[in-house]
Amino acid sequence: MSWVSVLRERESLFRRAPSAHNTQPWTIDYRADEIVIGADPARSLPDSDPTGRDLALGLGAFTETCLIVAADAGLSVGCDLSDPRRIRLVPAARPYETIFHRADVDARRVARGSYEEGLLDLVILAALEPGITHVRSRALAGDLAVADRWMFGTPPVARELRDWLRLDPRDPRYHRDGLTDRALGLGRTEARVLSGALHAYPLTRRLGLPHLLAASGRNLLRYDGSVLVLTGSERDLRQSGRRLLRTWLLLGRFGLAVHPLSQLLDCPATAARLADRVGATPLAVFRVGHPVHEPDRSARLPASAT
Ligand SMILES: Cc1cc2nc3c(=O)[nH]c(=O)nc-3n(C[C@H](O)[C@H](O)[C@H](O)COP(=O)(O)O)c2cc1C
């Protein structure tokens, strides 16, 4: 069996890669001796991610996940990122060198509920790759409220979020993609209220919906916890996505979960303040900690038929 077929058999595993709003924006083209990864425009987020930052980070994270799964299967596979429009998985002289295995890929998940109090251990901070800055969660609590109000108060951004929410288990897309009520940690009533409010959006916006929704996340950073900021060049986003995935897997090895807060980067005012604070270009920001409750497993599209 060719390496392409062996890796293809593991598609449902590397599909566990993370993506903003769980859009799973990658296309996978299996060829005789290479796998070409592209971006599906129908699964991009033109309003919430106009610069394509999260799309490129997601494609990088997906590539890193593929390489880990390939190495775990004993395959010698590398990647070629020279073309900005596509990524090629190609034969290599030896398996990709990584400390991670399929179990890390399978166990990884975002946790959006409460975390236990406490800052990250210095040993863990020292083990992280360069370009990751630690910030105390409380220091960003005020800006998160500003960013949330901006997000819910910017109609195209709120509408795009609504399109990727899966708040009703009867939704045929519930087990395929997007953000479910369970992934967001919402009870049935909260999910119904959010769903109703977002569907009547133009009206509820005028009635103060942005303030109401932002208020629900008010306490998210009001505890003694850690936030990490991945910094780097905006020209190298796919490589940074690979670094982001490795960082999340490493934290997972220590039993730690992450919760990205991209609105802090999307809202121009809070993005500028975060850049000043860390003295570099922030590409991703996420809180880190021991979740109080085990998070749900997110949905994925099925693997393509062989
Ligand atoms: C680049 C990027 C940005 C993300 N931004 C956010 C975010 O702002 N808020 C959030 O709750 N999750 C965010 N996520 C997490 C995704 O929503 C999550 O990966 C997806 O729903 C799949 O869930 P899982 O990672 O638990 O498998 C982001 C993920 C990526 C890769």
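The values are calculated or read from the model by the stated rules, or taken from the named source; none is laboratory data. Predicted, not measured: the structure shown is a model, and the values here were computed from it. FYI the Cβ positions are ideal-geometry reconstructions off the backbone, even for glycines, and counts take in every protein chain you see. In case anyone asks, the SASA skips ligands and DNA or RNA and just uses the protein heavy atoms, side chains included. Shrake-Rupley method; radii C 1.70, N 1.55, O 1.52, S 1.80 Å.
Going through 271, 275 one at a time, which residue ends up being within 14 Å of the ligand (Cβ to nearest atom), without any contact (Cβ under 8 Å) to a residue 24 or more places away in the chain and outside any loop (DSSP other than H, G, I, E, B)? Steps first, answer last, please.
Working: 275 fails: within 14 Å of the ligand (Cβ to nearest atom).
Every option except 271 fails the conditions.
Quick one: which of 230, 251 is under 16 Å from residue 111 (Cβ atoms), within 14 Å of the ligand (Cβ to nearest atom), open to solvent by less than 60 Å² (accessible area, probe 1.4 Å) and not hydroxyl-bearing (Ser, Thr, Tyr)? Steps first, answer last, please.
On the way: 230 fails: under 16 Å from residue 111 (Cβ atoms).
Residue meeting the stated conditions: 251.
If you go through the range 196-222, how many residues are crowded, with 17+ Cβ neighbours inside 10 Å, away from the ligand (no atom under 16 Å from the Cβ) and modelled with pLDDT of 85 or more?
Count: 0.
Out of 21, 101, report the one residue that is on the phi > 0 side of the Ramachandran plot and in contact with a helix residue (DSSP H, G or I) (Cβ under 6 Å, 6 or more places away or on another chain).
21
I'd like the full set of residues that are open to solvent by 20 Å² or more (accessible area, probe 1.4 Å) and either within 15 Å of the ligand (Cβ to nearest atom) or more than 22 Å from residue 217 (Cβ to Cβ) (or both), limited to the range 168-178. Even if it seems obvious, please write down each step before you answer.
Taking the range 168-178 and keeping what is open to solvent by 20 Å² or more (accessible area, probe 1.4 Å), we get 168-173, 175-176.
Matches in the range 168-178: 169, 170, 171, 172, 173, 175, 176.
Of the numbered conditions (1) at positive phi; (2) crowded, with 21+ Cβ neighbours inside 10 Å, residue 279 satisfies every one except a single condition; which is it?
(2)
Please work out which residue is surrounded by the most Cβ atoms within 10 Å (Cβ to Cβ), limiting yourself to the range 1-54 and to residues that are near the ligand (Cβ under 10 Å from one of its atoms) and of a type in the set (Gly, Ala, Ser).
If we take residues in the range 1-54 being near the ligand (Cβ under 10 Å from one of its atoms) and of a type in the set (Gly, Ala, Ser), then 17 is surrounded by the most Cβ atoms within 10 Å (Cβ to Cβ).
Which one of these is within 16 Å of the ligand (Cβ to nearest atom), among the aliphatic types (A, V, I, L, M) and in contact with a helix residue (DSSP H, G or I) (Cβ under 8 Å, 6 or more places away or on another chain): 127, 111, 107?
Working: 127 fails: within 16 Å of the ligand (Cβ to nearest atom); 111 fails: in contact with a helix residue (DSSP H, G or I) (Cβ under 8 Å, 6 or more places away or on another chain).
The conditions single out 107.
Does residue 75 qualify as being open to solvent by less than 10 Å² (accessible area, probe 1.4 Å) and away from the ligand (no atom under 16 Å from the Cβ)?
On the way: open to solvent by less than 10 Å² (accessible area, probe 1.4 Å): no; away from the ligand (no atom under 16 Å from the Cβ): yes.
Here the answer is no, as residue 75 does not meet what is asked.
Which pairs have Cβ atoms under 8 Å, sit 6 or more apart or on different chains, and link a residue in the range 110-125 that is free of Cβ contacts under 8 Å to residues at least 40 places away in the same chain to one that is outside any loop (DSSP other than H, G, I, E, B) and open to solvent by less than 80 Å² (accessible area, probe 1.4 Å)?
Close Cβ pairs satisfying both conditions: 125/134.
How many residues, within the range 283-306, are open to solvent by less than 70 Å² (accessible area, probe 1.4 Å) and away from the ligand (no atom under 12 Å from the Cβ)? Break it down stepwise before answering.
Looking only at the range 283-306, we keep the residues that are open to solvent by less than 70 Å² (accessible area, probe 1.4 Å), and these are 283-289, 291, 295-296, 298-301, 303-304.
Checking the rest, the ones that are also away from the ligand (no atom under 12 Å from the Cβ) come to 288-289, 303-304.
Matching residues across the range 283-306 total 4.
Residue-by-condition table, conditions (1) part of a helix (DSSP H, G or I); (2) of a type in the set (Ser, Thr, Tyr); (3) surrounded by 14 or more Cβ atoms within 10 Å (Cβ to Cβ):
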residue	(1), (2), (3)
100	no, no, yes
119	no, no, yes
138	yes, no, no
141	yes, no, yes
149	yes, no, yes
161	yes, no, yes
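Pairs under 6 Å by beta carbon, first residue closer than 19 Å to residue 286 by Cβ in the range 16-27, partner acidic (Asp, Glu) and within 8 Å of the ligand (Cβ to nearest atom), six or more apart or different chains?
Matching pairs, first to second residue: 20/54.
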